Amino acid sequence: MQIVTPEFGLIFWQLVIFLTVLFLLAKFAWKPILLSLKEREDSIESALRMADQAKLEMQQLKAGNERLLTEARMERDKMMQEASQMANQLVETAKNKATEEGSRMIMQAREAIQNEKNAALTEVKNTAAKLSIDIAERILRRELADSGSQQQLVDSYLKDVKLN
Amino acid sequence: MKRLLIALFCILTLPVFANEPATAAEGSKDKAFNPGEMILHHIGDSHEWHWFSTDNGHFVAPLPIIAYRPGKGLSTFSSARLAEDQSYDGLKLEHEHLVSEDGSKVYDFSITKNAAALMGSGIILLLVFTAVARGYKKNHGKAPKGIQSFFEPIIIFIRDEVAKKSIGPKYERYMPYLLTVFFFIWFNNLLGLTPGAANLTGNIAVTFTLAILTLIITLASSNKYYWAHIFATPGVPKALLPIMSPVELIGIVVKPFSLMVRLFANITAGHIVILSFISLIFIFKTAALAPVSLAFGLFINVLELLVAILQAYIFTLLTAMYIGGAVEDHHDADLQMGYDDGSASTHVSH
């Protein structure tokens with residue numbers, strides 16, 4: 001029975017000593033230990049968080065760089081496209097202009113040729129007419145001296161008229 | 001590992017040597033060896049520290065007797081004066097119990113074997129954990145080293161697995177108590193297994209005090225939900241409350257009572273089993289039985305090493321659960337898992 005009967009004296013000493021140990025340990029051991037543990041965990045956590053943040057920033061930076069690169073590339077493509085377009089346009093315009101000029105010049109030439117031709121033809125006609133008249137005059141002057149031939153001529157004219 | 005085994009073996013054989021002369025001495029007085037008496041003497045408290053006995057006599061360290069008698073006042077003297085049934089200053093020992101010769105009331109504040117062991121373990125605890133704390137100051141911001149790295153995982157385990165899980169966000173206030181209780185019980189369980197040392201955690205006065213402290217802390221930190229749970233248990237019909245409330249009220253006391261008995265019984269039982277195995281040699285009066293006794297004793301002793309930390313853990317865990325039940329804000333925990341004594345203690349009790 002004795003072992004299951006709590007002794008008053010031992011309860012007293014247990015209370016006093018345990019509470020003293022509890023107080024001293026709480027002050028000189030548990031407080032600094034738990035504080036350091038927490039501090040260390042906090043520092044580890046913040047370090048991890050910082051690393052994560054750095055990774056994120058790095059990614060953002062990389063993405064930014066890539067974006068810039070893409071933009072630059074697009075800009076370049078656009079510029080090249082524009083330049084080639086402009087060149088094409090320029091060539092086209094020049095070609096058109098040249099064609100136009102050419103055709104205009106050909107037209108002018110044609111016109112000039114026509115005019116010259118017309119003039120020439122007129123002159124030829126005039127000259128031909130004058131020559132004909134001259135010849136006819138001379139012939140007439142010589143022919144009409146003879147009355148027989150005059151008759152012959154009239155007859156041939158009349159013949160023609162009949163045929164018509 | 002081999003050296004460890006040899007050391008364990010030596011430790012285990014020591015009680016045998018300690019017992020042997022006692023039986024020889026008793027044998028010479030023609031008194032039969034009484035294992036029950038021997039075992040109870042070993043697990044009980046004493047007013048003197050009995051190391052060992054030989055044929056030349058007992059090797060006993062006297063301890064101070066401090067007795068208070070109403071009217072007569074305080075009297076302090078060495079326990080050596082009470083040895084061999086002597087009486088001194090009107091006081092004598094009757095079955096390790098200090099009584100006055102005239103039958104008047106005596107308050108015994110003596111530094112008994114257990115009280116002395118208590119002081120010793122207190123000093124050990126202080127030395128060990130201030131050393132651990134120094135480690136944190138010295139290795140500030142660095143990896144733990146030496147004794148610090150041995151205790152750190154245990155401290156973190158108590159914090160994360162016991163306190164945080166059982167108490168919740170308010171766990172920090174209770175950490176000093178939980179840690180002190182855990183290491184106090186563990187260290188004293190281990191010290192109790194040392195030959196010649198006192199069976200401190202197997203003493204009901206010690207476990208009683210620890211349980212009372214847990215009860216006081218639980219009640220002091222209880223909130224209205226805790227009391228509402230006792231006097232108006234949620235989910236219980238009103239008509240049943242006159243029956244339920246007393247049961248719940250008894251539960252308040254039963255919880256620490258179970259703590260007290262569990263630790264006391266586990267540690268004491270372990271000691272009794274080891275001592276019984278060793279007593280077999282003397283009961284059968286043959287050394288041929290020694291290997292069997294030692295093998296069983298060794299097995300139980302190693303088991304006790306496990307029980308030492310297990311009981312410390314259980315006491316701490318249940319204390320944390322009781323506190324957790326008292327400080328809990330929402331009482332939906334009842335529906336999810338047993339924060340109550342019943343399921344929790346049957347689950348882990350031993």
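List the aspartates and glutamates whose Cα sits under 20 Å from the Cα of A:Lys125, skipping any in the same chain fewer than 8 residues away. Qualifying aspartates and glutamates at Cα under 20 Å: A:Glu116, A:Asp134, A:Glu137. How many angstrom lie between the C-alpha centres of segment A:46-94 and segment A:134-160? Spelled out, the Cα-based centre of one part sits 103 Å from the other. Checking every one of the GluC sites (Glu not before Pro) in segment B:68-157 against DSSP loop status and a limit of 14 other Cβ atoms within 10 Å picks out B:Glu101.
For A:Lys62, which lysines qualify as cross-link partners when the Cα separation must be under 23 Å and same-chain residues fewer than eight apart are set aside? Straight-distance partners of A:Lys62: none at all.
The order of A:Leu19, B:Leu40, going from fewest to most other C-beta atoms within 10 Å of their C-beta, is A:Leu19, B:Leu40. If r is the Cβ-Cβ distance from B:Arg134 to B:Ser75 and R0 is 45 Å, what FRET efficiency results, to the nearest 0.05? E(calc), rounded to 0.05, equals 0.60.
The ranking of B:Ser110, B:Ser149, B:Ser46 from fewest to most other beta carbons within 10 Å of each one's beta carbon is B:Ser149, B:Ser46, B:Ser110.
Cross-link partners of A:Lys55 among aspartates and glutamates, defined as those whose alpha carbon lies under 20 angstrom from its own and excluding same-chain residues fewer than eight positions apart: A:Asp42, A:Glu45, A:Glu66.
Size estimate for the protein assembly as shown follows the Kirkwood approach: the inverse of mean 1/r over distinct Cα pairs works out to 32.1 Å. In the structure shown, the pairs B:Lys72/B:Lys92; A:Lys130/A:Lys159; A:Lys31/B:Lys137; A:Lys38/B:Lys170 are assessed against 18 Å; a Cα-Cα span above that value is assigned to A:Lys130/A:Lys159. Can you figure out the FRET efficiency of A:Tyr157 with A:Ala94, using R₀ = 56 Å and their beta-carbon distance, to the nearest 0.05? According to the calculation, E is roughly 0.25.
Across segment B:78-89, computed HN-Hα scalar couplings (Karplus, 6.51 cos²θ - 1.76 cosθ + 1.60, θ = phi - 60°) run 7, 5, 4, 6, 9, 5, 6, 6, 6, 10, 8, 6 Hz from first to last residue, x flagging Gly and Pro. Dipole check for chain B: with +1 at the C-beta of Lys and Arg, -1 at the C-beta of Asp and Glu, and the Cα centre as origin, the magnitude is about 1200 Debye.
Shielding value for B:257-269 is 1, the average number of Cβ atoms from other chains within 10 Å of each residue's Cβ.
Length gained on full extension, A:Thr122 to A:Arg110: 2.5 nm, using 0.36 nm per residue less the C-alpha separation.
Footprinting exposure proxy ranking of B:Val292, B:Val99, A:Val124, fewest other C-beta atoms within 10 angstrom first, gives A:Val124, B:Val292, B:Val99.
Across chain B, the longest piece that holds none of the trypsin sites (Lys or Arg not before Pro) lying in DSSP loops with up to 13 other C-beta atoms within 10 Å covers B:146-284. Taking only the alpha-carbon positions of chain A and ignoring solvent, what does the Debye formula give for the base-10 log of I(q)/I(0) at q = 0.10, 0.14 Å⁻¹? Log10 of I(q)/I(0), two decimals: -0.89, -1.06. If amide H atoms are built 1.01 Å from N in the plane of the peptide, which residues on other chains or at least 5 residues away come under 5 Å of the amide H of B:Trp49? When sequence neighbours closer than 5 places are left aside, the close amide H contacts are B:Ala61, B:Leu63.
When only the Cβ of Lys, Arg, Asp and Glu is charged (+1, +1, -1, -1), the dipole of chain A relative to its Cα centre reaches about 120 debye.
Here the simple spin-label model places points 7 Å from the Cα toward Cβ, and for A:Leu69 and B:Asp89 these points are separated by 9.3 nm. Each part gets one Cα centre, and for segment B:200-269 versus segment B:56-87 those centres are 38 Å apart. Taking amide H positions as modeled 1.01 Å from N, with prolines and chain starts lacking one, the residues under 5 Å from B:Ser78 and 5 or more places away or on another chain are B:Ile65. With the convex hull constructed from alpha-carbon coordinates only, segment B:172-324 shows a mean projected area of 11.5 nm² over all directions. Look at the stretch B:99-110: the mean tally of other chain Cβ atoms within 10 Å of its residues' Cβ atoms is 2.
When chain B is treated as a GNM with alpha-carbon contacts under 10 Å, the residue of B:Ile278, B:Ile267, B:Ile123 showing the greatest mean-square fluctuation is B:Ile123. Applied to segment B:254-270, the Karplus parametrisation 6.51 cos²θ - 1.76 cosθ + 1.60 on θ = phi - 60° returns per-residue 3J(HN,Hα) values of 5, 4, x, 4, 5, 4, 4, 5, 4, 5, 4, 5, 4, 6, 4, 4, x Hz, with x for Gly and Pro. For chain B, a Gaussian network of Cα nodes joined below 10 Å ranks B:Ser100, B:Ser293, B:Ser279 by mean-square fluctuation, and the top entry is B:Ser100. Considering only B:Ile147, B:Leu179, B:Ala295, whose Cα is most displaced toward the positive end of the charge dipole of segment B:114-348, charges sitting on Cβ of Lys, Arg (+1) and Asp, Glu (-1)? About the Cα centre, the residue reaching furthest to the positive side is B:Ile147. 3J(HN,Hα) along segment A:126-135: 4, 4, 4, 5, 4, 4, 4, 4, 4, 4 Hz, from the Karplus curve 6.51 cos²θ - 1.76 cosθ + 1.60 with θ = phi - 60°, whole Hz, x for Gly and Pro. Compactness of chain B was expressed as the Cα radius of gyration divided by 2.2 N^0.38 Å, which yields 1.17.
Read-outs throughout are calculated quantities, based only on the coordinates presented, and are distinct from any laboratory measurement. Note that the coordinates shown come from a computational prediction; the quantities given were computed from them, not determined experimentally. Reconstructed Cβ throughout: ideal geometry from the backbone, glycine too, with neighbour counts over all protein chains shown.
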